[in-house]
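> Quick one: the structure is below, questions incoming.
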Protein chains: 2
Amino acid sequence: MKGYFHIKDEIRILGIDDSALISDTITIVGAFFRGGMWLDGVLRSDISRDGLDATTRIIEMVRQSKHFLQIRVIMLDGVTYGGFNPVDIIQLNEETNIPVIVLMRNLPDFEKIETALSHLPEKEKRMKIIKKAGNISKVITKDACNPVFIQCCGIKQELAARIVNISSTRSNIPEPLRVAHLIATGIVLGESRGKA
Amino acid sequence: MKGYFHIKDEIRILGIDDSALISDTITIVGAFFRGGMWLDGVLRSDISRDGLDATTRIIEMVRQSKHFLQIRVIMLDGVTYGGFNPVDIIQLNEETNIPVIVLMRNLPDFEKIETALSHLPEKEKRMKIIKKAGNISKVITKDACNPVFIQCCGIKQELAARIVNISSTRSNIPEPLRVAHLIATGIVLGESRGKA
């Protein structure tokens, strides 16, 4: 039944984050985790800054991975990577057959996003992809004062919330995303910084 | 008293590994860990393949890190990085004031190393640095059938063995080294592979 599956503590999750915007080509990093505990693999790819290739590049990276058939969930840190390069989570789900969970620290400010997009080509196309991510729900993980917000595709929000909870072992952010962030910033800047 | 300190489960360890030999500049990665559990930072630097700059580049990377004063132990995966670029662990210990533990899966074959070095300039200098790492002792971590071997500087071997044990939570290799290896190979090759 689509959207339903049993959740183990060691559910295999691929968390994907991008690096700092210091060039036209932005490194993205996938951290392949067992639940919130063990890093079992690292993937790398590149996308163009403010481009429109994030969706296809992520699909390629996932499908080419030796871990492809083991990945039970893909976690994204928001739906824009490398500036305003939007990820179409419906296409990502369809072309990998893996549920997608988008995690955000704050509710997106669509007005602000629209203003930012107005300086870029294909504004409507970008906005449409961003809006496709759909309903947003709040999830309390480690810290009731710091909830996170999620969107998802190919999985029910209640189950997605449970997976976000299971994998947030160290902070209020799931380990696969926290670690993908540390790797992406550390590799590109020489030392990791900031928060996923 | 030099060489003695209390060991907490969350002792902060910097594990350093190198990437595959696919160019003349070799990426090295530092994984800053709490014991065998949590990745709290990622460092990156470069050394030259078969060069003689590994010691100074690692010292720089460690000293420039925002985590410098928190690092209680540096763990190395053998004493040669980027091919046969040797790390002087006595100099590394002296110039960082941090104990150094070298970890090996197998006992080094010095005869084989000498043969390999004969194709490189400054063979004697390299061999001297490699030999400076001193006594080797065997440590059983997760798996009695797969012991590891260590050398150390600035710390007693018994204490070093305890730290290796505490931090080998996932396999017979300490997490800081296992993860540094995943990151270094994943970033350079596009996907992690092999063992630290």
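The values are calculated or read from the model by the stated rules, or taken from the named source; none is laboratory data. All values derive from a computational prediction rather than experimental measurement. Virtual Cβ from ideal backbone geometry, glycine too; neighbours counted across all protein chains shown. Accessible surface is based on the protein model in full, side chains and every heavy atom, while ligands, DNA and RNA are left aside. Shrake-Rupley method; radii C 1.70, N 1.55, O 1.52, S 1.80 Å.
> Based on what the data block shows, is A:V188 out of contact with any Asp or Glu (no Cβ under 8 Å at 6 or more places or on another chain), part of a helix (DSSP H, G or I) and surrounded by fewer than 22 Cβ atoms within 10 Å (Cβ to Cβ)? Steps first, answer last, please.
Numbers: out of contact with any Asp or Glu (no Cβ under 8 Å at 6 or more places or on another chain): yes; part of a helix (DSSP H, G or I): yes; surrounded by fewer than 22 Cβ atoms within 10 Å (Cβ to Cβ): yes.
Answer is yes for this residue.
> Another question, if that's okay. In this structure, does A:G35 turn out to be modelled with pLDDT under 95 and closer than 19 Å to A:L182 by Cβ?
On the way: modelled with pLDDT under 95: yes; closer than 19 Å to A:L182 by Cβ: yes.
Taking the combined requirement at face value, the residue satisfies it.
> Sticking with this one: Given the conditions (1) without any contact (Cβ under 8 Å) to a residue 60 or more places away in the chain; (2) open to solvent by 20 Å² or more (accessible area, probe 1.4 Å); (3) within 13 Å of chain A (Cβ to nearest Cβ), which single one is not true for B:R49?
(3)
> Still on this model: Would you be able to tell me the number of residues in region B:149-166 that are assigned to a helix (DSSP H, G or I) and under 25 Å from B:I130 (Cα atoms)?
Within region B:149-166, the subset assigned to a helix (DSSP H, G or I) is B:157-166.
From what is left, the residues that are under 25 Å from B:I130 (Cα atoms) are B:157-165.
Going through region B:149-166 one residue at a time, the tally reaches 9.
> What residue, among those in region A:127-154 that are within 15 Å of the chain's Cα centre (by Cα) and aliphatic (A, V, I, L, M), is farthest from A:N165 (Cα to Cα)?
So in region A:127-154, the residues within 15 Å of the chain's Cα centre (by Cα) come out as A:129-130, A:132-134, A:136, A:148-154.
Those left that are additionally aliphatic (A, V, I, L, M): A:129-130, A:133, A:136, A:148, A:150.
Values: A:I129: 27, A:I130: 24, A:A133: 20, A:I136: 16, A:V148: 10, A:I150: 12 Å.
Checked region A:127-154; the qualifying residue farthest from A:N165 (Cα to Cα) is A:I129.
> Right, another one. Residues in region A:167-183 that are in a loop (DSSP other than H, G, I, E, B) and without any contact (Cβ under 8 Å) to a residue 60 or more places away in the chain: how many?
Narrowing region A:167-183 to residues in a loop (DSSP other than H, G, I, E, B): A:168-174.
After this cut, where a residue has to be without any contact (Cβ under 8 Å) to a residue 60 or more places away in the chain as well, the list is A:171-172.
Residues that pass the stated criteria total 2.
> Which number in (1) of a type in the set (V, I, T); (2) over 30 Å from B:H6 (Cα atoms); (3) within 14 Å of another protein chain (Cβ to nearest Cβ) marks the one condition that B:I113 misses?
(3)
> Got at least one residue in region A:127-145 being open to solvent by less than 30 Å² (accessible area, probe 1.4 Å), of a type in the set (K, R) and at pLDDT 95 or above?
No, there is no match, as no residue in region A:127-145 is open to solvent by less than 30 Å² (accessible area, probe 1.4 Å), of a type in the set (K, R) and at pLDDT 95 or above.
> Starting from residues that are away from chain A (no Cβ under 14 Å) and of a type outside the set (A, V, I, L, M, F, W, C), keep the ones in region B:52-77 and report whichever is least open to solvent (accessible area, probe 1.4 Å).
Across region B:52-77, the extreme among qualifying residues is B:T55.
> Applying the selection to region B:164-179, what residues are away from chain A (no Cβ under 13 Å) and out of contact with any Leu (no Cβ under 8 Å at 6 or more places or on another chain)? Walk me through it before giving the result.
Kept after step one, since they are away from chain A (no Cβ under 13 Å), are these residues of region B:164-179: B:164-167, B:172, B:174.
Within region B:164-179, B:N165, B:I166, B:S167, B:N172 meet the criteria.
> Any chance region B:98-110 includes a residue that's more than 14 Å from the chain's Cα centre (by Cα) and more than 26 Å from B:T141 (Cα to Cα)?
Looking for residues that are more than 14 Å from the chain's Cα centre (by Cα) and more than 26 Å from B:T141 (Cα to Cα), one finds none in region B:98-110, hence no.
> Could you please find all residues in region B:109-125 being open to solvent by less than 60 Å² (accessible area, probe 1.4 Å) and in contact (Cβ under 8 Å) with a residue 40 or more places away in the chain? I'd like the intermediate steps shown before the answer.
Of the residues in region B:109-125, the ones open to solvent by less than 60 Å² (accessible area, probe 1.4 Å) are B:113, B:116-117, B:120, B:123.
Selection gives B:L120 alone.
> I'd like the full set of residues that are at the interface with chain A (Cβ under 10 Å from one of its Cβ atoms), under 20 Å from B:Q91 (Cβ atoms) and either within 13 Å of the chain's Cα centre (by Cα) or surrounded by fewer than 19 Cβ atoms within 10 Å (Cβ to Cβ) (or both), limited to region B:13-45. Before the answer, list the steps.
Initial filter on region B:13-45 (at the interface with chain A (Cβ under 10 Å from one of its Cβ atoms)): B:27, B:29-32, B:34, B:37-45.
Next, only the ones that are under 20 Å from B:Q91 (Cβ atoms) stay: B:30, B:43, B:45.
Selection gives B:G30 alone.
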